[in-house]
1. Can you name the residue in region 495-507 that is outside any helix (DSSP H, G or I) and farther than 14 Å from Leu420 by Cβ and is also least open to solvent (accessible area, probe 1.4 Å) among such residues?
2. Going by the conditions given, is Phe188 closer than 30 Å to Arg353 by Cα, open to solvent by 40 Å² or more (accessible area, probe 1.4 Å) and in contact with a helix residue (DSSP H, G or I) (Cβ under 6 Å, 6 or more places away or on another chain)?
3. Return yes when Gly225 is farther than 19 Å from Ile69 by Cα, open to solvent by 10 Å² or more (accessible area, probe 1.4 Å) and assigned to a loop (DSSP other than H, G, I, E, B) and no when it is not.
4. Taking Ile248, is it open to solvent by 10 Å² or more (accessible area, probe 1.4 Å) and either among the polar types (S, T, N, Q) or not in a loop (DSSP other than H, G, I, E, B) (or both)?
5. Take the residues of region 83-109 that are touching a Lys or Arg at 6+ places or on another chain (Cβ under 6 Å) and part of a helix (DSSP H, G or I): which is farthest from Ala503 (Cα to Cα)?
6. What about Trp10, is it surrounded by fewer than 19 Cβ atoms within 10 Å (Cβ to Cβ) and either small (Gly, Ala, Ser) or over 30 Å from Thr367 (Cβ atoms) (or both)?
7. Can you report the number of residues in region 228-245 which are open to solvent by 50 Å² or more (accessible area, probe 1.4 Å) and closer than 24 Å to Gly412 by Cα?
8. Grab the helices (runs of 4 or more DSSP H) fully contained in region 262-374, keeping just those with 2 or more residues being open to solvent by less than 60 Å² (accessible area, probe 1.4 Å) and of a type in the set (Gly, Ala, Ser).
Amino acid sequence: MNADMTSLDWIVLVLFFVVMCLIGYLSTWLIRNTKDYFTGSGKMPWWLLGVSHHVSGYSAVAFTAYAAIAYSTGFTVYIWWAVPIAFACYFGLFFIVARWARLRTRFQIQSPLEFIATRYDVATQQILAWLGVLLKVLDVGAKWVAVGLVITTFAPGISFPLAVMLAVALGMFYSTLGGLWAGTITDFTMFLVQAVSAIAMLGFVLAQLGGFSAFWTIWDKLPPGHSDLLAGEYGTWSCIIGLTIANILGYNGGTWNLAQRFIAAPQGKEAKKVAFLSATLYLIWPLVLFFPMWAAPLLFPGIPANQQEQSFSMMVIKILPPGLTGLMLAALVSHTLTMTTADATAIASVLVRDVLPRYSRAIRSYTEKQSLLLARVVTFVFLLLTTIVALFNAQFGGILGLILGWFSALLGPVSIPMILGLMPGFRRCGPWASHLAIVSGLITFAVIKLGYLQLDFGYTILLPTVVAFVFYAGSGLFNMMVGNRVRPEVDEFLQGIASDAAAQMCSDTSTDRLTSPNDRMCPENGALSQNPAQSGYKPDSMSS
């Protein structure tokens, strides 16, 4: 058995990262403008986007923080982590995800927030943009922490700060060059590598436990409660419900890098296939990944609590033969790289398309070449900021503190105006509704964090989202009760993404952006303006 990384492991690892860099470089051949960089010009195959959506939905956090939970509590991690995500993706398949692709085919959007100025107003767009960037700085910072822990476990001679900076440097290289194309192709390559290494890991673990029958015989041998569906701090109904709601919002577009996977689909029907493939993988693949983690207490009993985040990496080093250990480390590191670089590309799309042009007349007049260069610079700077968060992660509560305590809790209030704003049932929820949802959710989160409300962990995730939804939906209900009208632009916008046929109606002849100074997106269907004031329509006080 392997006691440490061998020369063969390092060769495999280096070769894999060379391949990743090569993919990033070759992807530049597919990039001519920001449309290619951010959305692949809508030419990406659904199966590539589906695998990318799945892979981009989790990182090395699954093999560190979640591995520790699997070691200490057992099967429940599958119930409260994988199942809610799969349900969220299946839900979005029927109600949400197709609308993202239609936004691109109908209105030529390139960023997930490009429609917000028309659906609500410019102020809402800027609020969501800046809050979303802040959230992603924290989220991606946590991912770098996880990958740093993995690297230092496999290679104890590398310090944690150096491990983080090496991973960030690699991610910066291929993501700033190749954009979404580089990200999705790398995702698919990484998934294939992960499949080989994870199946090998499963085989070696089963062999040590007595063969295939170990799938159902280990549970009686594990510590009490490890076979329970609900156990531990996170295996509660409040936590499952909270995470399910957060996942419905996040995995269907509230998390911007995942929205990009739907936006890049050729049409709405392909976006549905993306969601279906990702959801199905979430039901099946975690069973392969987590079985070794569930079996770890039998193979490596007595790992101290403060080292359990490294339990999976320790198993890999001890169980896999030379070569496969390096392959597994490559898979774990690249898993985080794909997610973090996907986030960076999504953040860059929002900043370059929706934020920076509002503050700089020069940027508004940039050529395609200049905009592409700006996109790459913004991607680089964002990753640099996340590195700082990673190096000071203890101040935010560590990995789980960042992922669950901050990101999941704040995702709902920020995502509600985005996701529900695409749904015709919430057409009466206008700018005031979005502002009230965001502010009420943030205040609720602050009250909980400051200790004024003593709640179990599940409710700290659930309550800010519920409060935000009540204010958002309540504002729309108020508008309906008092007879406030819906702006014509909002109705036309929602009708334009109601079906693939409606979205395709004028996309072949119109190249204007949704937020272009030119108000008329589809001359035959009327104007869609970026700001209510442009239309000359003056709704009542809280109307949308």
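The values are calculated or read from the model by the stated rules, or taken from the named source; none is laboratory data. All values reported here derive from a predicted model rather than from experimental measurement. Note that each Cβ is placed from the backbone with ideal geometry, even for glycine, and that neighbours are counted across all protein chains shown. Heavy atoms of the whole protein, side chains included, go into the accessibility calculation; ligands, DNA and RNA do not. Shrake-Rupley method; radii C 1.70, N 1.55, O 1.52, S 1.80 Å.
1. By that ranking, first place goes to Cys506.
2. So Phe188 passes the test.
3. Criteria not met by Gly225.
4. It is true that Ile248 is open to solvent by 10 Å² or more (accessible area, probe 1.4 Å) and either among the polar types (S, T, N, Q) or not in a loop (DSSP other than H, G, I, E, B) (or both).
5. Leu93
6. yes
7. 5
8. Passing ranges, in order: 268-299, 311-319, 324-350.
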